[in-house]
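Colleague: The structure follows.
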Amino acid sequence: MPDKEWIKTLEDGRIVKFTNQELQGDAFITAQVAASKVVYSTILTKVKNPLSCEEIEDHFEDELRRSSTPQLAHGPTGAPTQTDPLPNAQTRSYFRLVASRAFAETQAFWNVHRIFVSLAVPISGLVLRVIIRGRSQLSGWQEVMLFCLVGFVVSWLGSYSINLIRVPGILYREQARTAAEQTAALIKLREENSTQNLALSQPKISRQEERRR
């Protein structure tokens, strides 16, 4: 089927261009706000019936709401004040994502083996001290364990801080890889669609004509 596109004006005055390309039971749909370089797109698989404009618009409703600009209201002095906390909410959501991913990366780094290595040196020093100088040296074991605990906490927090720096780059690469995979899938669908359209455009030859040839 040929591409379908239309324009819609949202309640906040923004103009959005929607497109729909149906390929062999799948649909590639997009939405782009006027004067914006961001294009929201997705591939819907196993679409039984042609999608209506309303269904496609509803699919991008959340993305368009999150990307809306804050509404301004006039305060007592007549100066505009921001009433929509959405941009701040987006920033907080991103930082929560980064913090959560950094925590997961730090947990994955500090497995049982690394924890053992970090605690083995001071504990083995205490044991060796007892063996050489006798049990009387056990009087300071609390201080040694405190050093172990503080050292582990500092090491863990240091790893978490490093992951806070690394995670934005990791998220960017993952997003780029996902976009590349979707682009490759779209190119493949277009090639399959072109092949199918070429086969359908060729005139059908009956069996009698084939026999004559």
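Colleague: Please list, ordered by chain and number, the residues whose modelled amide H lies under 5 Å from the amide H of residue 42; skip anything fewer than 5 residues away on the same chain.
Modeller: Answer set, sorted by chain and number: 29.
Colleague: Report the label-to-label distance for residue 186 and residue 199 in nanometres (one decimal), using points 7 Å from each Cα along the Cα→Cβ vector.
Modeller: The answer from the label model is 2.5 nm.
Colleague: Next up: Short version: ³J(HN,Hα) in whole Hz for each residue of region 36-44, in order, from phi by Karplus 6.51 cos²θ - 1.76 cosθ + 1.60 (θ = phi - 60°), x for Gly and Pro, what are they?
Modeller: For region 36-44, the Karplus curve yields 10, 8, 7, 10, 7, 9, 7, 10, 9 Hz.
Colleague: Taking the Cα-to-Cβ direction at residue 99 and at residue 111 and moving 7 Å from each Cα, how far apart do the two end points lie in nm?
Modeller: Calculated label separation equals 2.8 nm.
Colleague: A further question on this structure: For residue 51, enumerate residues with amide H under 5 Å from its amide H, sequence gap 5+ or separate chain, H modeled in the peptide plane.
Modeller: none
Colleague: Please give the length that would be gained between residue 91 and residue 45 if that part of the chain were fully extended, namely 0.36 nm times their separation in residues minus their C-alpha to C-alpha distance (nm, one decimal).
Modeller: My answer for the length gained is 13.4 nm.
Colleague: With unit charges on the beta carbon (Lys/Arg positive, Asp/Glu negative), name the residue among 39, 20, 64 whose Cα is farthest towards the positive pole of the charge dipole of region 4-66.
Modeller: Farthest towards the positive pole: 39.
Colleague: Suppose every K and R has +1 on its Cβ and every D and E has -1 on its Cβ; what is the size of the dipole of region 4-66 about the Cα centre, in Debye to the nearest 20?
Modeller: Value, rounded to 20: 220 debye.
Colleague: Here is a follow-up. Over 22 Å between C-alpha atoms is what I'm after, so list which of 4/46; 8/46; 46/188; 4/37 land there.
Modeller: Over 22 Å apart, Cα to Cα: 8/46.
Colleague: Give, in nm to one decimal, the length gained when the segment between residue 5 and residue 118 is fully stretched (0.36 nm per residue of separation minus the Cα-Cα distance).
Modeller: Fully extending the segment from residue 5 to residue 118 adds 34.6 nm.
Read-outs: derived from the displayed coordinates by stated rules, not from any lab. In this text, all values refer to a predicted model and were calculated from it rather than measured experimentally. So basically every Cβ, Gly included, is an ideal-geometry build from the backbone, and we count neighbours across all protein chains shown.
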